[in-house]
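The values are calculated or read from the model by the stated rules, or taken from the named source; none is laboratory data. These numbers come from a predicted model, not from an experiment. Every residue, glycine among them, receives a Cβ derived from its backbone with ideal geometry; neighbour counts consider all protein chains shown.
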Amino acid sequence: MKIDDKVKVKIKSLTYGGQALAIVDGKVLFVDEGFPDEELEVQITRAKGNFAQGVCTQVLVANRGKSPCAYSNECGGCSWLELHYANQLRWKESFIHDALSRIGGFKELPSLTMQAAKEQFFYRNRIQLRGQILTTGKVQVGYFKKGTREQVAVNTCQIADPALNKIIEYLASMELAKIKPQKFRLELQVLPAAQEQDNPCILAVLYPIEKWSPENREAKALGPLIAKLRQHPSMLWAGFAYEVKEQIFSFERWQGIEYLTIPGIFQQVNVAGNHILRQWIKDRVEKLAPTRVLDLFCGSGNLSLGLATAGRSVLGVEASGAAIYCARKTVEKNKLVGMNYRCLDVAKFLTASLARKETYDLIILDPPRAGLKDLVEKIMELDAKAILIAACDPMTLARDLKILATKYRIEEVTGFDFFPNTYHIETGVMLTNRS
Ligand SMILES: C[S@@+](CC[C@H](N)C(=O)[O-])C[C@H]1O[C@@H](n2cnc3c(N)ncnc32)[C@H](O)[C@@H]1O
């Protein structure tokens, strides 16, 4: 296989990353699209020693359903819209399983449970759009094109909440004053509490692509876009990221707690899926009955606020000041006892905590995609009785578990499908200390 060669292939499997895989002349070929058993014509775009990459130029024998999305061919957002949902779940299960056996080196594992999504479409309550104001004054918003950093403009999105789709339509219908083209990133979020009451329920945070400063006239030129967003009847708050400061809103009420949020801070994107994850954590905490709980990478306290009970102390640690401010306000608002949230880098916290010889019965870990990396050893030194992990990348999770398993026993692994129609999967793991 050489670059630009065209080859006919039969797709064998799907990969974590959204590509399809075929074997050609004993070499692995990653194809930008395709589903198992399909026959495709593929043009080679990269050829290395034992693997190659290519793009599908023709589907010769199809084995796929019909995509409900008009942008499927171009948009890099969802690669599995044409794959039956039951098959999506099976593939996600195999990604977790393969990562644990191949990267983690685990030969025997407790059985893997999969939690299906409640909704397959229109489930995201938070989206990030790329956009630009064109010279004509029209506004284009969309996502990245498959495998590129170029933008594909959309008027609707099959996985975004209907309230967000109304804002996408509104943006696409805007006519602003003619200006030099301006690029931006726009984060839109629906607040379920306000949505249920039919109140304005959308938060919109605009990030100019140019770094914002009062002198940056190009970023300032996006002002009319904010003004127009504020006119939409569903808009609760719209502004530049630098204007967020301490804007705080009621996010939702769940199991007697009113959760708060601040525009732009990290929030799980699938509200229904997040409830399942919170409940999963809560059920395990009930069983383990820990007195001292540590929630590392706690964000605004999403996974631990519901754990407050008499005689228990919870400490959350997180690097984002806004998220910690939000967690503390939620504690105050709900008069929760024994809950502390600290704004600190986890690495710094771990060094200080070990020096102070602090102990915890349970550690909750919800790291970013890159996983725990060199923090694993320090976390193990804390010697907690149990660990609960929520991880958004099975590969980095498997790498971390390989080390954790030298001290901890894996009791349970559960896949939570927060992201239907994409290859992404959230994984929950419960570990108990072997000693
Ligand atoms: C996957 S999010 C989880 C947030 C929270 N548990 C939730 O469910 O909403 C990961 C969080 O880790 C935080 N984070 C990333 N690196 C960090 C670090 N080195 N120290 C502290 N927090 C960090 C991010 O700001 C983000 O809020």
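A few comments on the model shown:
- Considering the conditions (1) out of contact with any strand residue (DSSP E or B) (no Cβ under 9 Å at 6 or more places or on another chain); (2) part of a loop (DSSP other than H, G, I, E, B); (3) not β-branched (Val, Ile, Thr), Leu109 is excluded by exactly one of them, (1).
- Candidates are the residues of the range 11-46 that are charged (D, E, K, R) and touching a residue at least 40 places away in the same chain (Cβ under 8 Å); the one that is farthest from Thr422 (Cα to Cα) is Arg46.
- Residues of the range 30-78 satisfying the condition of being more than 29 Å from the chain's Cα centre (by Cα), of a type in the set (S, T, N, Q) and not in a strand (DSSP E or B): Asn50
- Subset of the range 232-247 [away from the ligand (no atom under 16 Å from the Cβ) and touching a strand residue (DSSP E or B) at 6+ places or on another chain (Cβ under 9 Å)]: His232, Ser234, Met235, Leu236, Trp237, Ala238, Gly239, Phe240, Glu243, Gln247
- The range 228-285, residues that are more than 30 Å from Met430 (Cα to Cα), in contact with a Lys or Arg (Cβ under 7 Å, 6 or more places away or on another chain) and part of a loop (DSSP other than H, G, I, E, B): Ser234, Ile248
- Among residues that are crowded, with 20+ Cβ neighbours inside 10 Å and charged (D, E, K, R), Glu318 is included.
Matching residues to (1) assigned to a strand (DSSP E or B); (2) away from the ligand (no atom under 14 Å from the Cβ):
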| residue | (1), (2) |
| --- | --- |
| Tyr360 | no, yes |
| Pro368 | no, no |
| Asp374 | no, no |
| Asp383 | no, yes |
| Leu388 | yes, no |
| Lys402 | no, yes |
| Glu411 | yes, yes |
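- Within the range 266-278, residues that are at negative phi have Cβ atoms under 6 Å from residues that are part of a helix (DSSP H, G or I) and polar (S, T, N, Q) in these pairs: Gln268/Asn274, counting only partners at least 6 apart in sequence or on another chain.
- Among the residues of the range 390-400, those that are small (Gly, Ala, Ser) and within 13 Å of the ligand (Cβ to nearest atom) comprise Ala390, Ala391.
- One residue from Ala194, Ala177 being assigned to a helix (DSSP H, G or I) and among the hydrophobic types (A, V, I, L, M, F, W, C): Ala194
- Screening Ala355 on (1) in contact with a strand residue (DSSP E or B) (Cβ under 7 Å, 6 or more places away or on another chain); (2) more than 9 Å from the ligand (Cβ to nearest atom) shows it passes everything except condition (1).
- Residue, surrounded by the most Cβ atoms within 10 Å (Cβ to Cβ), within the range 81-133, restricted to residues that are among the β-branched types (Val, Ile, Thr) and modelled with pLDDT of 95 or more: Ile96
- Of Ala310, Ala272, all but one fail to be more than 11 Å from the ligand (Cβ to nearest atom), surrounded by fewer than 18 Cβ atoms within 10 Å (Cβ to Cβ) and within 22 Å of the chain's Cα centre (by Cα); the exception is Ala272.
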